[in-house]
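Everything below concerns the one structure shown next.
The values are calculated or read from the model by the stated rules, or taken from the named source; none is laboratory data. Small disclaimer: the values here were computed from a predicted structure and weren't measured. Here Cβ is always computed from backbone atoms with ideal geometry, including for glycine, and neighbour counts include all displayed protein chains. Protein only, heavy atoms only, side chains kept; ligands, DNA and RNA dropped before computing areas. Shrake-Rupley method; radii C 1.70, N 1.55, O 1.52, S 1.80 Å.
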Amino acid sequence: MRRSIERRLVSALATAAAAAVVAAGLALPMSQASAQADGATGYATQNGGTTGGAGGQTVRATTGTQIHEALCARPSTSTPVVIEVEGTINHGNTSKVSGDGCDTADDVIELKKISNVTIVGVGGGAVFDQLGIHIRESRNIIIQNVTVRNVKKSGSPTSNGGDAIGMEKDVRNVWVDHVTLEASGGESEGYDGLFDMKNNTQYVTLSYSTLRNSGRGGLVGSSESDRSNGYVTYHHNLYENIDSRTPLLRGGIGHMYNNHFVEIQKSGINSRAGARAKVENNYFKDSKDVLGTFYTDERGSWEVSGNIFDNVTWSSEGDDNYPAGPNPQSTTSVSIPYSYELDDAGCVLEVLEQTAGAGKGNRISDGNCEAEDPADPDPTDPDPTDPDPTDPDPDPTDPDPTDPPGGTNLSIGAGADGSSKASGTSYGNVIDGDTSTYWSPTGSTGRISVKWGSNATVSTINIREAAGAEGNIGSWQVVDHDTGAVLTTGSGAGVITFDSVTLRKINFEITSSNGTPRVAEFETYAG
């Protein structure tokens, strides 16, 4: 245990705080939050589906109190709302708020006796620091693109019983996606579970997330008699440096596919008390007892296929200890009611490096071992304030900050994608040769990329900002998407040079800004 704790202490995330741009309670223009881009997966699609706050107002919050205010300002507890969160949420800025649409408490994000809510991290990121998210007697909830860290049940400060995200008592249809959940030790250091469900919680999906550096990953059912939970999907998640409960299942059905489990110290998927687990195309590495029934004689069962067990050790069967290995075989059959695509287990690690956790642009797998950006909910919807591309006399202030480098602009005829795009903008606007159209991310930071169907050699790019947005781009990095190598860093738009590189996709990643970035053209040149 000590070795695990030491590693956890040195791997905590740095705070991703950012300045507030809109006060809470102020409704933003109606737009699709990133949580709505592709929709729920797994068991969260059943029982009527999970849509969160789709169709409701979008509200920005930079404190926990403002999150509560956004809930409480609704005319009813079921009025849909999308809460976009940016900055650090902690004990100092999270207080109880009263109103018709909420039932909140101090020192915890309380989603209690409510429905139809989305909480999504935007801009520079959302970090819930030592503060848990509690879902109780609620339904149709989406949590996406946030980090929750170091929530304690003992010591100081405490929150949410020590769970990063906890669900209990008559909870239905929750989709948690692209989140990072982490602690800095185990129970002796004051931490509990990262993702817990109990007392009649059903139809939940955890996807594209990272869980790490904790004694306990999560449970389904608080005791051997709490068997009213289940129908939980875990897919494309990274479990790293966790002692046990990845997860622990008591009763019900769990579906685990395309997850990567590494450095599981004591036990992994613990199917017990009549639970049934379908375990497909996962990659287990450098771990112990990753599947079985442990710490009880009330056994569960499992169906296994397509998994890779890489340097996994297994203990001997004994009282209260029934490992599935060293040669795991199916002991039940589980029918899954929804459609899904399986990546090969051998490429799971590569896919998750690009997709799992907060701050990954909500990227997902294409089902063929490649990461892709989420589908834009309405890519053709024009913003009425955008310049008219058919105007024969465009604004004379359109930018031309530098003469373009010599040679052919390789972006013309190429493709483009990115991390997100604001309403009325398009990735393709940066490669059309028209400076009156542009791309903007949904927040203050984001990625725009140019890509080719075959190798291209690039040593210079030219970033042109749209009229009225000159100087908005702050710091950035240029990245070889194929390898992840950072080619150069800097700030501001204009001509950028670096050592010649051959690639198929190049990223311009804006890491800070002085306003909403507007990239009119992303030109690429060989020399």
TODO: Starting from residues that are part of a loop (DSSP other than H, G, I, E, B) and either aromatic (Phe, Trp, Tyr) or modelled with pLDDT of 90 or more (or both), keep the ones in the range 474-515 and report whichever is farthest from the chain's Cα centre (by Cα).
DONE: Ala493
Open item on the list: I'd like the full set of residues that are closer than 21 Å to Ser365 by Cα and either among the hydrophobic types (A, V, I, L, M, F, W, C) or touching a helix residue (DSSP H, G or I) at 6+ places or on another chain (Cβ under 9 Å) (or both), limited to the range 258-284.
Closed with: Asn258, Asn259, His260, Phe261, Val262, Val279, Glu280, Asn281, Asn282, Tyr283, Phe284
TODO: Any chance you could count how many residues in the range 450-473 are over 24 Å from Gln354 (Cα atoms) and either outside any strand (DSSP E or B) or of a type in the set (Phe, Trp, Tyr) (or both)?
DONE: 7
Task: Unique residue being over 25 Å from Thr408 (Cβ atoms) and free of Cβ contacts under 8 Å to residues at least 40 places away in the same chain when the list is Thr489, Thr483 - done: Thr489
Open item on the list: Between a residue in the range 405-424 that is closer than 14 Å to Val519 by Cα and in contact (Cβ under 8 Å) with a residue 24 or more places away in the chain and any residue that is basic (Lys, Arg) and open to solvent by less than 50 Å² (accessible area, probe 1.4 Å), which pairs come within a Cβ distance under 6 Å, given they are 6 or more apart or on different chains?
Closed with: Gly418/Arg447; Ser419/Arg447
TODO: Could you please let me know if Gly484 is open to solvent by less than 70 Å² (accessible area, probe 1.4 Å) and farther than 21 Å from Thr437 by Cβ?
DONE: yes
Task: Boolean, Asn116 is in contact with a strand residue (DSSP E or B) (Cβ under 6 Å, 6 or more places away or on another chain), closer than 13 Å to Gln66 by Cα and open to solvent by 30 Å² or more (accessible area, probe 1.4 Å) - done: no
Open item on the list: Regarding the range 92-102, can at least one residue be identified that is closer than 24 Å to Tyr208 by Cβ and either touching a strand residue (DSSP E or B) at 6+ places or on another chain (Cβ under 7 Å) or open to solvent by 20 Å² or more (accessible area, probe 1.4 Å) (or both)?
Closed with: no
- [ ] Count, please, the residues in the range 234-249 that happen to be at positive phi and surrounded by 23 or more Cβ atoms within 10 Å (Cβ to Cβ).
- [x] 2
TODO: Report those strands (runs of 3 or more DSSP E) wholly inside the range 64-138 carrying at least 1 residues which are basic (Lys, Arg) and over 17 Å from Thr51 (Cα atoms).
DONE: 109-112, 133-136
- [ ] Tell me the strands (runs of 3 or more DSSP E) entirely within the range 151-237 that contain at least 2 residues that are hydroxyl-bearing (Ser, Thr, Tyr) and touching a residue at least 24 places away in the same chain (Cβ under 8 Å).
- [x] 180-185, 201-207, 210-216, 230-235
Open item on the list: Could you tell me how many of the residues in the range 428-446 are open to solvent by 20 Å² or more (accessible area, probe 1.4 Å) and outside any loop (DSSP other than H, G, I, E, B)?
Closed with: 3
Open item on the list: Quick check on Ser339: is it over 22 Å from Val204 (Cβ atoms), among the small types (Gly, Ala, Ser) and open to solvent by 30 Å² or more (accessible area, probe 1.4 Å)?
Closed with: no
- [ ] Tell me, please, whether a residue that is open to solvent by less than 70 Å² (accessible area, probe 1.4 Å), within 20 Å of Leu211 (Cβ to Cβ) and modelled with pLDDT of 95 or more can be found in the range 310-327.
- [x] yes
